[in-house]
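Just below is one structure, and these are the notes that go with it.
Computed from the coordinates by the stated procedures, all read-outs in this text should not be read as laboratory data. These numbers were taken from a predicted model, which means no experiment stands behind them. Cβ placement follows ideal geometry from the backbone for every residue including glycine, while neighbour counts extend to all protein chains displayed.
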Amino acid sequence: MPDTAPLSVMALNRHGIAARIARDIPEGWYVNLGIGIPTLVAEHVPAEREVIFHSENGVLGVGPSPPSGAVDPWLINAGKQPVTLRPGGSYVHHADSFAIIRGGHLDLCVLGAFEVAENGDIANWATKKNDAAAAVGGAMDLAAGARRLWVAMEHTTKDGMPRLVARCTYPLTAQGVVKRVYTNLAVLDVTPRGFVVVEMVRGLDFESLQAQTDARLHQAA
Amino acid sequence: MPDTAPLSVMALNRHGIAARIARDIPEGWYVNLGIGIPTLVAEHVPAEREVIFHSENGVLGVGPSPPSGAVDPWLINAGKQPVTLRPGGSYVHHADSFAIIRGGHLDLCVLGAFEVAENGDIANWATKKNDAAAAVGGAMDLAAGARRLWVAMEHTTKDGMPRLVARCTYPLTAQGVVKRVYTNLAVLDVTPRGFVVVEMVRGLDFESLQAQTDARLHQAA
Amino acid sequence: MIDKFVTSMEEAMAGIRDGAVVLLGGFGMVGQPDALIDGLIAQGAKDLTVVANNAGTGHTGLARLMELGRVRRVICSFPRSAGSVVFEALYSAGQIELEIVPQGTLAERMRAAGAGIPAFFTPTGAGTRLAEGKETREFDGRTHVLENALPGDVALIEAWRADRFGNLTFRESARNFNPIMAMAARLTIVQTQHAVFAGGLHPEVIVTPGIFVDRVLHVPYAMPVEKGGENA
Amino acid sequence: MIDKFVTSMEEAMAGIRDGAVVLLGGFGMVGQPDALIDGLIAQGAKDLTVVANNAGTGHTGLARLMELGRVRRVICSFPRSAGSVVFEALYSAGQIELEIVPQGTLAERMRAAGAGIPAFFTPTGAGTRLAEGKETREFDGRTHVLENALPGDVALIEAWRADRFGNLTFRESARNFNPIMAMAARLTIVQTQHAVFAGGLHPEVIVTPGIFVDRVLHVPYAMPVEKGGENA
């Protein structure tokens, strides 16, 4: 009790972030997971909780990676990795797949990002400001179309630069769409007032989190 | 030879018009047939000539009516009549069915009409000028979308009023789309100069045809 | 466990509100969700906008719903047909609103709603009475009409087979408007002839994936021909 | 008798002209018409605009076509990936044009071309660099971008089964862009793993009806995984 030594900050690793997100996905949701940390989310949804994963290349009901001896070459996900299909899964063509996305039929999309701004803007496709050949893939459709967009990312860059910013500096993927951000340090909602801290990892205090964040943080009411 | 008595005009009946149209449909065409005389065209395409009939309600490969004991209640055409499906036939939903129409994938659509104008305008859906509840169905899509639009109709109304007109007086179905008209008296192409008579039934001369036509007729070059 | 099957018509109809835009599947009798329409009649919602290919025939189904004064507005391509007596009477009396839409535009407007496309240009109807007052634009020298998406609050549709995920197949020409209405509505309610076990539909042959479906009621062996007679 | 099967690659490629817009199906290796792309390389048409999801990887297929200087312009969603060395080199040297299109917009633009819709509004890309210079409009308070249809002169696609009418099915995620490219091109050329007799495909399971298909070449047992390795 009188011990005033700071608790060490229990920052999450990539799987920790993914597991934290998985906790918030209820049964029955249709979910698209982006490349990177988001892909790991599926592994952390308990098998008995039915969540239907969508992949941009026209797969509904994406299951886990097959064992190496049982790869079906015709069945891949949007990251071009071999996957399986769960019972109840189905295939659609690309226009229908993006009708699902753009038409607001996905309950959730989880994407990685370089930056998220306090107004909900997301930048996750072009790493350089004037990279005219950056690969956008389906990121803009997913960001604009899903009913809820959550972002999974490290709270700062490897160099310690903030990624939760007042305004994005990288080329935008979509404007005003992010609802929630899960980082290695915290869970933050994007609200009309800006970022509201929903929870922090053990050992972290609000001021320390603010110090690693460009945008102004708000405490939950 | 010196016999100057006029030949009687061998006007076609409905089946005669349909048979005449059928002669001009080559193997391999995808064809949509409207209600009325156009529907009869299918009966006059020889069985060995493969023509694929499309129906707006999502049927490709429409076959003849089934015998009365073998009606499949789930298989109808756009006129709501029971039909059959030929080998190689398939089903699509309404948006895809009209993508076929609007996207210019039909080689031919044959429609009935109240009036066709020399500029290719067609009026075939609203019988009264201010019938606000007239049933358009798929007529406007077919008229606007098919690669070729042919019209099958009587040359005049029952009262002898011309139906090939300088300008349509009934509400339009589409503008400038009719390519050819088959009537009980003649076959006429719609060209930049107006109606060009391709052929007339036996016993009919150009002047008599012109007398039954509001628009000015042209002889084939 | 995901299970979109409901076991009663009350459950199927729960939450349909007065003023709702209701999409009704089917073309003629085929693929028409008759049981669900009867369920809607019993449920009581009024002041409805109904989107369907026809404006009802005879005195049952949609015609009955209109006869009960529950339909404020009909959006359809083919309002006037042999048996459309109820609609005719209401329309002449100025007691029902009508929006006539070319059939392909009707289909595409719903597909657009389901696909997140708020508006599109189409050549259909250009230069006709049905394009009056609408924005037009030339593409490749041809006039096109701007048409808006047509979303529904509720879709009532008929399927041939369904599983607990809401995956659907349709039978022959009963497919028609059903798959696109399923996409276009916030709440999609299905009556299915056959209920199959999870995984009982081959993934390649599912026409409507369950993501477009909210509730499924098993209504076996409704024959479209039994109610035949009109040629609307 | 209708018979869309051709028996040689020369026949399959006949008439593809310099300057053509060529739609290439597939996503990654899956559903990619490798034999037809090799056929196009042999055929010789140049000054091509290629529409595909990627800009080619390694030194085969589309990458080889580009390496030979036959591609003037690429329209794709994902130009830069691990193995896109040929594209990278040409692009840095200013020897190839690039139009980046969000993947869903790319798909929808081709579907629109096939469906006779010259333009549509989409929320995708609004407020981003990819919407710069494009017409925008608010719908329900949200900015949307006007996008044009993207028709092809030629589509090269891969199917799983085909019959002589050109009816097609696809295998699992090999469906992807193939059905919409078939709709969007004036000349659609298919390579199929399996050739079946007329009527050998159940009418309910046909994904692409033959009306969208012009020529079919039987190229059995191409395994997408054999050429794997990149994760573009």
Worksheet item: What ranking, highest mean first, results for peptides A:18-25, C:96-103 when packing means the other Cβ atoms within 10 Å averaged over each residue?
Response: C:96-103, A:18-25
Response to the item:
One finds the C-alpha centres of segment A:153-194 and segment C:25-68 to be spaced, in Å, by 49 Å
Worksheet entry | Estimated FRET transfer efficiency (A:MET161, D:ALA14; beta-carbon r; R0 51 Å; 0.05) | 0.35
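Sort C:144-157, A:208-221, B:89-102 by the packing proxy (mean of other Cβ within 10 Å over each peptide's residues), most packed first.
By packing density, highest mean first, the sequence is B:89-102, C:144-157, A:208-221.
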Worksheet item: What average number of partner chain Cβ atoms lie no more than 10 Å from the Cβ of the residues making up A:141-149?
Response: 5
Worksheet entry | Scattering profile of segment B:1-124 at q = 0.12, 0.18 Å⁻¹ [log10 I(q)/I(0), Debye over alpha-carbon scatterers] | -0.52, -1.03
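Could you give the Stokes-Einstein D for the protein assembly as shown in µm² per second, using the C-alpha Kirkwood radius, 4 °C, 1.567 mPa s?
Numbers: Rh = 29.1 Å.
Rounded, D is 45 µm²/s.
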Discussion item. Please list, by residue number, everything in segment C:51-66 whose backbone N is under 18 Å from a paramagnetic label point 7 Å out along Cα→Cβ of C:VAL85.
Written reply: C:55-66
Fill in: In nm, spacing of pseudo-spin labels at A:ARG148 and B:ARG193 (7 Å Cα→C-beta vector)
7.1 nm
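Peptide D:197-206: average number of partner chain Cβ atoms within 10 Å per residue? Spell out each step's value before the answer.
Details: counts 2, 4, 6, 2, 4, 2, 12, 10, 8, 8.
Mean partner-chain Cβ count within 10 Å for D:197-206: 6.
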Item to complete: Specify the inter-centroid distance of segment A:45-117 and segment B:101-120, based on alpha-carbon positions, in whole Å.
Response: 43 Å
Item to complete: Quick one: which residues, 5 or more positions from C:ASP163 or on another chain, have an amide H under 5 Å from its amide H? H modelled 1.01 Å from N in the peptide plane, none for Pro or chain starts.
Response: C:VAL196
Worksheet item: Quick one: Cα convex hull volume of chain B, Å³ per residue?
Response: 156 Å³
Worksheet entry | Ranked C:TYR221, C:TYR91, criterion: other C-beta atoms within 10 Å, fewest first | C:TYR221, C:TYR91
Fill in: Backbone HN-Hα couplings from phi across segment D:116-129 [Karplus 6.51/-1.76/1.60, Hz, Gly and Pro as x]
x, 9, x, 6, 8, 9, 9, x, 5, x, 4, x, 10, 4
Fill in: Considering only segment B:75-189, percent of DSSP beta bridges that pair antiparallel, nearest 5
45 percent
Worksheet item: Computed from the mean reciprocal separation of all distinct C-alpha pairs, what Kirkwood hydrodynamic radius does segment C:110-190 have, in Å?
Response: 14.4 Å
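Taking 1 over the mean of 1/r across every pair of different Cα atoms in chain D, what Kirkwood radius in Å do you get? Provide the component values of the computation, followed by the final result.
Details: mean 1/r = 0.0555 Å⁻¹.
After inverting the pairwise mean of 1/r, the radius is 18.0 Å.
Cα gyration tensor of segment A:132-221, axes a ≥ b ≥ c as square roots of the eigenvalues: rounded (a/c below 1.5), prolate (a/b > b/c) or oblate? Let's see the in-between values first.
Working: a/c = 2.07, a/b = 1.52, b/c = 1.36.
Prolate shape, in that a/c is at least 1.5 and a/b is the bigger ratio.
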Discussion item. Show me, for segment D:29-39, the HN-Hα J-couplings you get by feeding each phi into the Karplus relation (A = 6.51, B = -1.76, C = 1.60, θ = phi - 60°), rounded to Hz, glycine and proline as x.
Written reply: 7, 7, x, 8, x, 4, 5, 5, 5, 4, x
Item to complete: Could you work out how far helix A:14-23 tilts from the main Cα principal axis of chain A, as a 0 to 90 degree angle to the nearest 10?
Response: 80 degrees
Worksheet item: Relative to the other copies, what are the label-point distances for B:GLU43, with labels 7 Å from Cα along the C-beta vector, expressed in nm at one decimal and sorted shortest first?
Response: 6.9
Item to complete: Find every distance from the label point of B:VAL9 to the corresponding label point in the other copies (7 Å from Cα along Cα→Cβ) and write them in nm, one decimal, shortest first.
Response: 9.5
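Within a 10 angstrom radius of each residue's Cβ in D:29-36, how many Cβ atoms of other chains show up on average? Whole number is fine. Don't skip to the end; give the middle numbers.
Details: counts 4, 7, 6, 0, 0, 0, 0, 0.
That average works out to 2.
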Worksheet item: For the Cα atoms of chain D, what angle does the longest principal axis make with the long axis of helix D:103-115, in degrees from 0 to 90, nearest 10?
Response: 60 degrees
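Please label the shape of segment D:40-87 as rounded, prolate or oblate, based on the square roots a ≥ b ≥ c of the eigenvalues of the alpha-carbon gyration tensor (a/c under 1.5 means rounded; beyond that, a/b larger than b/c means prolate, else oblate). List each step's numbers first, then the result.
Working: a/c = 2.22, a/b = 1.40, b/c = 1.58.
The shape class here is oblate.
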Fill in: Proxy reagent accessibility, fewest Cβ within 10 Å first, across C:MET181, C:MET223
C:MET223, C:MET181
Worksheet item: Taking amide hydrogens as modeled 1.01 Å from N in the peptide plane, which residues meet the under 5 Å criterion relative to B:GLY112, leaving out close sequence neighbours?
Response: B:GLY34, B:ILE35, B:ALA152
Worksheet entry | Label point 7 Å beyond Cα along the C-beta direction, distances from A:ASP205 to other copies (nm, shortest first) | 11.2
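Can you pull out the trypsin sites (Lys or Arg not before Pro) in segment C:134-232 that DSSP calls coil and that have at most 16 other Cβ atoms within 10 Å? List each step's numbers first, then the result.
Numbers: sites: C:LYS134, C:ARG137, C:ARG142, C:ARG161, C:ARG164, C:ARG171, C:ARG175, C:ARG186, C:ARG215, C:LYS227; in loops: C:LYS134, C:ARG164, C:ARG171, C:ARG175.
Loop-located and lightly packed - C:LYS134.
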Worksheet item: Mind checking the dipole of segment B:14-219: about its Cα centre, +1 per Lys or Arg Cβ, -1 per Asp or Glu Cβ, Debye to the nearest 20?
Response: 200 debye
Worksheet, complete the sentence: Residues whose modelled amide H sits under 5 Å from the amide H of D:LEU168, counting only those 5 or more places away in sequence or on another chain, are D:VAL207, D:THR208, D:GLY210
Worksheet item: Roughly how big is segment D:127-232's charge dipole about its Cα centre, with Cβ charges of +1 (Lys, Arg) and -1 (Asp, Glu), in debye to the nearest 20?
Response: 160 debye
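Determine the dipole magnitude for the protein assembly as shown: charges of +1 sit on the beta-carbon of Lys and Arg, -1 on that of Asp and Glu, nothing else is charged, the reference point is the Cα centre, and the result goes in debye to the nearest 20. Could you put the intermediate results ahead of the total?
Numbers: 80 positive and 94 negative charges, 116 e Å.
In debye, rounded to 20, the protein assembly as shown gives about 560.
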Worksheet item: How far apart, in nm, are the 7 Å Cα→Cβ label points at D:THR60 and B:THR169?
Response: 7.1 nm
Worksheet item: Can you sort C:THR57, B:THR157 by how many other beta carbons sit within 10 Å, fewest first?
Response: B:THR157, C:THR57
Discussion item. Just to be sure I understand: of the beta bridges DSSP finds with both ends in segment D:15-133, what percent are antiparallel, rounded to 5?
Written reply: 10 percent
